[in-house]
Each structure stands twice: as C-alpha cells, then as structure tokens.
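First the structure, in the form of structure tokens, and then the observations on it.
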Amino acid sequence: MPEATDHGPKLHICSDFHKTIEFIGRKWMGIIIYSLLDGPKRYHELIGRIEGISDRVLTERLNELVKEELVKKSYLDGSLKKVQYELTPSGEALKDVMLSIRKWVEYKNELEKK
C-alpha cells in the first residue's frame with residue numbers, strides 16, 4: 001500500500017515506466033512515432049509531414065528510436081541514400097497509446113472551443 005502523505009497516497013512509480021514516459025515525451029518523439037503508425041516512410045516524407053522539425057533533430061530522434069528498437073532503419077536497393085524508417089513490433093505496440101493521446105487532444109480542443 002502506498003505511504004500516506006498530506007497530499008494523498010505516495011506513488012511508487014516503476015523506474016522503467018518513468019524512463020519510458022520521459023523518452024516518448026521528449027520533443028518530437030511522439031509525433032515521429034505517430035507519423036510512422038500508417039506504415040514505413042522515407043526520410044523526406046517524415047520531414048515533410050512534421051512541421052517545424054529540423055533535419056538535425058529529426059536525424060537525432062530517428063537514431064535514438066532505432067537504438068531503442070522502436071524504429072527500424074532500412075536501406076533500399078542497397079543505397080545509403082535511400083533510407084526507409086518503420087516501426088518495429090515494439091513501436092507498433094505504442095499504437096493504442098498514440099491514438100488515445102490523439103483522442104484526448106481532440107477532446108481537450110473541443111472543450112476549449114466551448
């Protein structure tokens with residue numbers, strides 16, 4: 001049972017949960033994952049879809065997602081210039097989470113319109 005405090009029960013959040021939320025919550029991570037939900041994309045498709053992201057940041061974030069095995073990087077036709085990114089099964093497992101966040105954002109936006 002969580003320890004009680006003046007502000008309610010103390011939460012003991014698993015460090016893996018915390019690290020995951022921090023990772024996915026980093027600037028641009030969520031939108032990159034969301035952009036890949038409907039299938040593989042080439043680099044230029046991602047940069048065109050994600051308004052405001054720089055080449056450098058997109059490259060850094062994609063490399064981090066590849067390192068964490070959420071995204072797979074493939075070279076098409078054996079060319080280093082033709083690169084494609086797609087979600088791995090671990091990345092695909094985030095689909096429901098990403099769609100729930102989108103639904104919550106839409107809900108929040110509707111409330112703000114009223």
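The values are calculated or read from the model by the stated rules, or taken from the named source; none is laboratory data. Everything quoted here is computed from the prediction, not taken from an experiment. Glycine also receives a Cβ, built like all others from the backbone with ideal geometry; neighbour counts cover every protein chain displayed. Just the protein is used for accessible areas: all its heavy atoms, side chains included, with ligands, DNA and RNA removed. Shrake-Rupley method; radii C 1.70, N 1.55, O 1.52, S 1.80 Å.
When peptides 61-68, 29-36 are ranked by their average number of other Cβ atoms within 10 Å per residue, the highest-first order is 29-36, 61-68.
Considering only Tyr43, Tyr85, Tyr75, the mean-square fluctuation computed in a Gaussian network model of the chain, springs between alpha carbons under 10 angstrom, is largest for Tyr75.
Once the Cα atoms are used to define both axes, helix 15-24 deviates from the longest principal axis of the chain by about 50 degrees. Close amide H partners of Val71, meaning residues 5 or more places away or on another chain with modelled amide H under 5 Å apart, are Val66, Thr88. Carbon-plus-sulfur fraction of the accessible area of the stretch 29-94, 1.4 Å probe, in percent? Summing carbon and sulfur atoms, their accessible area is 50 percent of the total for the stretch 29-94.
Computed from the C-alpha gyration tensor, the three semi-axes of the ellipsoid equivalent to the stretch 35-114 are 28, 15, 11 Å, from longest to shortest. Summarising the amide proton neighbourhood of Arg42: residues at separation of 5 or more, or on other chains, whose placed amide H is nearer than 5 Å comprise Tyr85.
Which one of Glu69, Glu51, Glu60 has the biggest mean-square fluctuation once the chain is modelled by GNM with Cα springs under 10 Å? Ranking Glu69, Glu51, Glu60 by mean-square fluctuation puts Glu51 first.
Remark: spin-label model distance Glu51-Leu80 equals 3.5 nm, labels positioned 7 Å along the Cα→Cβ axis.
Note on Ser90 and Arg102: the extension gain reaches 2.4 nm, defined as 0.36 nm multiplied by sequence separation minus the Cα-Cα distance.
Separation of the stretch 51-83 from the stretch 5-49 is 16 Å, based on Cα centroids.
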